[in-house]
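Heads up: the structure comes next, in structure tokens.
The values are calculated or read from the model by the stated rules, or taken from the named source; none is laboratory data. Keep in mind the model is a prediction, meaning the values are calculated, not measured. Positions of Cβ are backbone-derived with ideal geometry, glycine not excepted, and every protein chain shown enters the neighbour counts.
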Amino acid sequence: MDIHQILKLLPHRYPILLVDRVLSIEKGKRIQALKNVTINEPFFTGHFPHRPVMPGVLMLEAMAQAAALLTFDTLGVAPDDKTVYYFAGIDGARFKRPVEPGDQLVMDVTLERAKAGIYKFKGTTRVGDEVACEAELMCTMRTIA
């Protein structure tokens, strides 16, 4: 899935769109997605000026965006302007390695279960062979007025 397909599914836009490409997707099971991290990211000017590091919360957001793409693919739906995909919870978040400009962040997200409109995922982000972040994510889709 390239950026044009991603833009059709996710409502996020610069600077909060954090998925550049889907490398693989297994309907109802898992997704592997990519975020190219560049020095041009707006958060690097303040986090931290002397040693730019991607905020951990943005790694979690990137995994949630990949999870949303997996959910849409699994359900065979494309969200409309009245659909929002929200975080419902984050458990066991661990940050193992700083992510810096020039890194490629690869997100592996697996659907663990879906019940009553709540989806639970296990996510891991890597830079090369090194784990940068891992967490369990819960998300839900809601219709807004």
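Of all residues being among the aliphatic types (A, V, I, L, M) and part of a loop (DSSP other than H, G, I, E, B) in the range 72-100, which is nearest to K29 (Cα to Cα)? Just the residue, please.
The initial filter retains those residues of the range 72-100 that are among the aliphatic types (A, V, I, L, M), namely 75, 77-78, 84, 88, 90, 93, 99.
In the following step, the residues that additionally are part of a loop (DSSP other than H, G, I, E, B) were identified as 77-78, 99.
On the way: V77: 16, A78: 18, V99: 26 Å.
Filtering the range 72-100 for residues that are among the aliphatic types (A, V, I, L, M) and part of a loop (DSSP other than H, G, I, E, B), the one nearest to K29 (Cα to Cα) comes out as V77.
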Looking at (1) under 15 Å from the mean Cα position of the chain (by Cα); (2) modelled with pLDDT under 95, which is the only condition A116 fails? (1)
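Kindly indicate which of L69, L58, L18 is closer than 24 Å to V131 by Cβ and assigned to a loop (DSSP other than H, G, I, E, B). If you could, list the steps in order and put the result at the bottom.
Values: L69 fails: assigned to a loop (DSSP other than H, G, I, E, B); L58 fails: assigned to a loop (DSSP other than H, G, I, E, B).
Going through L69, L58, L18 in turn, just one is closer than 24 Å to V131 by Cβ and assigned to a loop (DSSP other than H, G, I, E, B): L18.
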I'm trying to understand the selection: among the residues of the range 72-108, which are under 18 Å from I16 (Cβ atoms) and within 17 Å of the chain's Cα centre (by Cα)? F72, P79, V84, Y85, Y86, F87, I90, V99, L105, M107
Which pairs turn up if I take residues in the range 51-79 that are in contact (Cβ under 8 Å) with a residue 60 or more places away in the chain and look for partners that are in a loop (DSSP other than H, G, I, E, B) and buried (at least 17 other Cβ atoms within 10 Å of the Cβ) with beta carbon separation below 8 Å, at least 6 apart in sequence or on another chain? M59/V99; A62/L18; A62/V19; A68/L10; L69/M1; L69/L10; L69/V19; F72/P79
